Amino acid sequence: MDREGFNYFRIVLSIWLLGVCNVANAQELVPNGSFSYPESCQPGSITNGFMVEPWVQWSSSPDFYHPCKQEDYFVPNSFGGGGNPFEGEGYVGLVNYVSSFLAREFITVELLETMSDGISYHVEFYVSMMDSAWYATKNIGAHFSEGLPPLNISNLLELEPQVKYEGTDFLTEKIGWTKVEGSFTAEGGERYLTIGNFDIDEETDTLFVPGGGMPPPHSAVFWSQAHYYIDGVSVILDSIYLSIGDHEDVADSFNLYPNPNSGLFTVDIGLGDEDQAELHVWNISGQLVAQQGLSNGQSSISLDVSNGLYLYVVTINGERRWTGKVSVTSE
């Protein structure tokens with residue numbers, strides 16, 4: 001990357017990280033979108049309960065999963081199957097369909113800044129199907145409101161999510177995470193974000209997924225539900241996302257995996273005979289923590305960094321080709 005391009009990226013990165021924008025606050029609007037515990041802890045030291053400030057359970061009883069939780073809600077192996085977080089330390093589990101009665105679970109958080117009228121925001125979060133659940137759905141989304149959403153005794157919030165999963169495939173991924181994303185223009189005054197399934201049962205598409213959990217003796221239909229883990233919740237200005245979000249040139253191939261990882265990962269890239277590629281990695285304070293040349297095919301990358309979210313840029317022949325996020329977590 002030439003000096004001009006490098007400086008441009010540093011400026012854009014600084015704007016995103018520091019929230020300096022004359023239209024609206026450009027920083028991340030979601031507090032604790034990676035569902036980390038606010039204090040140091042040891043395995044088993046967090047008692048049962050939601051315990052993931054500042055998020056709140058807004059309907060029924062969503063669950064918080066973390067490496068310091070007790071056995072049933074332990075990460076990565078909980079009573080429902082578990083798995084590694086997408087980023088950070090923990091994640092939240094939501095019921096979004098039950099076959100035998102109407103049931104929904106929602107989580108809500110107050111944004112760090114109020115949304116501005118006429119401004120477009122990019123929203124994303126990641127979902128992973130609980131291993132033990134019998135059903136998958138396509139119904140999950142994010143609703144933004146000026147105040148807290150109404151509580152409903154039927155556990156259903158019949159609200160229209162501004163961003164929802166638009167894919168044609170059912171959300172059946174259990175090992176990895178599926179991104180739900182979209183952009184919308186705020187009406188102004190939106191301050192609260194709520195995530196869940198806002199559709200009635202008749203409008204909820206379901207698919208039976210073999211290999212779910214064995215029901216306990218007290219309930220033969222205990223796992224007859226759709227249940228999803230939620231992680232990596234993010235809301236930023238659409239213009240900032242387009243500057244530093246995921247970009248891809250279809251003329252070349254690129255893959256970075258696994259993501260998240262323990263600091264060891266692989267970059268797989270397709271290059272021409274004369275192409276030269278480099279990987280740059282920044283921490284959330286804007287400091288360059290790694291720079292490495294990339295070979296055609298696979299290159300092994302080792303980051304000597306602490307757990308957290310990092311931004312990467314891949315350049316080919318000095319030009320920025322891909323940018324994105326890589327999450328480092330303990331094994």
Residue check, PHE74 against (1) under 19 Å from TRP177 (Cβ atoms); (2) aromatic (Phe, Trp, Tyr); (3) surrounded by fewer than 16 Cβ atoms within 10 Å (Cβ to Cβ), all met but one. Which one?
-> (3)
Members of the range 43-60 found to be more than 17 Å from THR329 (Cβ to Cβ), part of a loop (DSSP other than H, G, I, E, B) and at pLDDT 85 or above, listed by number = GLY44, SER45, GLU53, PRO54, TRP55
Say whether the condition of being of a type in the set (Ser, Thr, Tyr) and modelled with pLDDT under 80 is met by at least one residue in the range 250-267.
-> yes
Pair list, Cβ under 8 Å, 6 or more apart: the range 203-216 residue within 22 Å of LEU102 (Cβ to Cβ), other residue surrounded by 11 or more Cβ atoms within 10 Å (Cβ to Cβ) and of a type in the set (D, E, K, R) = ASP205/LYS138; GLY212/ASP131; GLY213/ASP131
With respect to GLY93, is the statement that it is touching a residue at least 12 places away in the same chain (Cβ under 8 Å), in a loop (DSSP other than H, G, I, E, B) and in contact with a strand residue (DSSP E or B) (Cβ under 8 Å, 6 or more places away or on another chain) true?
-> no
Do we have any residue at all in the range 273-282 that's of a type in the set (A, V, I, L, M), outside the structural domain of SER234 (by TED's automatic domain parsing) and without any contact (Cβ under 8 Å) to a residue 12 or more places away in the chain?
-> no
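Would you confirm, using the coordinates I've provided, whether ASN139 is modelled with pLDDT under 90 and among the polar types (S, T, N, Q)?
Considered against the rule, which asks whether it is modelled with pLDDT under 90 and among the polar types (S, T, N, Q), ASN139 comes out as no.
Determine which member of the set LEU193, LEU207, LEU171, LEU156 is more than 20 Å from TYR229 (Cβ to Cβ) and not charged (D, E, K, R).
LEU156
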Which of the residues that make up the range 54-71 are farther than 17 Å from PRO85 by Cα and surrounded by fewer than 19 Cβ atoms within 10 Å (Cβ to Cβ)?
-> PRO54, VAL56, GLN57, SER60, SER61
Which residues, taken from the range 174-208, are within 17 Å of the chain's Cα centre (by Cα) and part of a loop (DSSP other than H, G, I, E, B)?
-> LYS174, ILE175, GLY176, TRP177, ASN197
Given (1) in a loop (DSSP other than H, G, I, E, B); (2) more than 16 Å from the chain's Cα centre (by Cα); (3) modelled with pLDDT of 85 or more, number of the condition LEU171 does not satisfy = (2)
Mind checking which residues of the range 36-53 are surrounded by 21 or more Cβ atoms within 10 Å (Cβ to Cβ) and either of a type in the set (D, E, K, R) or under 18 Å from the mean Cα position of the chain (by Cα) (or both)?
-> VAL52
Subset tally (residues that are of a type in the set (Phe, Trp, Tyr) and either within 14 Å of the chain's Cα centre (by Cα) or within 23 Å of SER306 (Cα to Cα) (or both)) for the range 79-96 = 2
Would you check if GLU274 is among the charged types (D, E, K, R), over 30 Å from SER116 (Cα atoms) and modelled with pLDDT of 90 or more?
-> no
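The values are calculated or read from the model by the stated rules, or taken from the named source; none is laboratory data. No experiment lies behind these values; they were computed from the predicted model shown. Don't worry about glycine lacking a Cβ; one is built from the backbone with ideal geometry, like all the others, and counts go over all protein chains shown.
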